[in-house]
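Take a look at the structure below.
No value in this document is a laboratory result; all are computed from the given coordinates. Please read all numbers here as calculations on a predicted model, not as lab measurements. Please note: Cβ atoms are built from the backbone with ideal geometry, for glycine as well, and neighbour counts cover all protein chains shown.
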Amino acid sequence: MGNEISCSVAIRRGLRLLLLPLMAVLGTAHGQSLSGRDLVAALHRGGYVILMRHASSPRMAPNPGQAESDNVQHERQLDDQGRSSARAMGEALRQLHIPIGQVLSSPTYRALETIRLAQLGQPTADPQLGDSGQSMQVDSTGMRATWLRRKVALKPPAGTNTIIVTHFPNITEAFADDATGLGDGEALVFHPDGHGAAAFVGRVKIAEWPHLAAAH
């Protein structure tokens, strides 16, 4: 009898060890929904990942004469609305005293421009967050989605929040249920548990950040 119990315990432990990596790959759970003052209070404490679509950008690249001086590859860039909303979002985050630690970005100009205008800090650009030079194209292999879910599940350093700026296809591939209708500059907020999973806690439109700051 004792041997049977020991064997059963060992099997359960073995299954748990096998399932932990799988849980990290499959996605996220839903935690307590946060918004308004509750969301701001949570972000004050740190420990969250803000996964953001870049700010508003025309669907076509600019003509050479209309490209920003540092947009040497003449990639898609933010429009007037995108630039103003990125600046307003960054200012609101500073007014709210939300601590930003690591900043990850798509290497595309429009994503990096969003971060620069919001003054979010020095970003680390990663090709996995990019569009592979093909705007709005879906990755049928699923590798990009798996990579993004793992990044979102990484717990930020104590007292900070991580910001990830990428593209609509990247976000919907990884978090389809949570990203329906995600707008330009809109963010999904996740709370990593430090054990390979992250709970989805809310969404924030880019225009909502200044309202949160004004109401705080």
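Volume per residue, Å³, of the convex hull around the alpha-carbon atoms of the stretch 138-216? Please report the intermediate quantities before stating the final value.
On the way: hull volume 8.1 nm³, N = 79.
Convex hull of Cα atoms, per residue: 102 Å³.
What length, rounded to one decimal in nm, is gained on full extension from THR141 through to SER33, with 0.36 nm per residue of separation minus their alpha-carbon distance?
Numbers: separation 108, 0.36 × 108 = 38.88 nm, distance 3.11 nm.
This chain segment gains 35.8 nm when fully extended.
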**Prompt:** Going by average Cβ neighbours within 10 Å, how do the peptides 65-77, 158-170 rank, with the highest at the top?
**Reply:** 158-170, 65-77
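Peptides 57-63, 100-106: what's the order by average Cβ count within 10 Å, highest mean first? Don't skip to the answer; put the middle values down first.
Numbers: 57-63: 13.7, 100-106: 20.3.
Descending packing order for the listed peptides: 100-106, 57-63.
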**Asked** Tell me, in nm to one decimal, what length is gained between GLN66 and GLN81 on full extension, where the rule is 0.36 nm per residue of separation less the Cα-Cα distance?
**Response** 3.8 nm
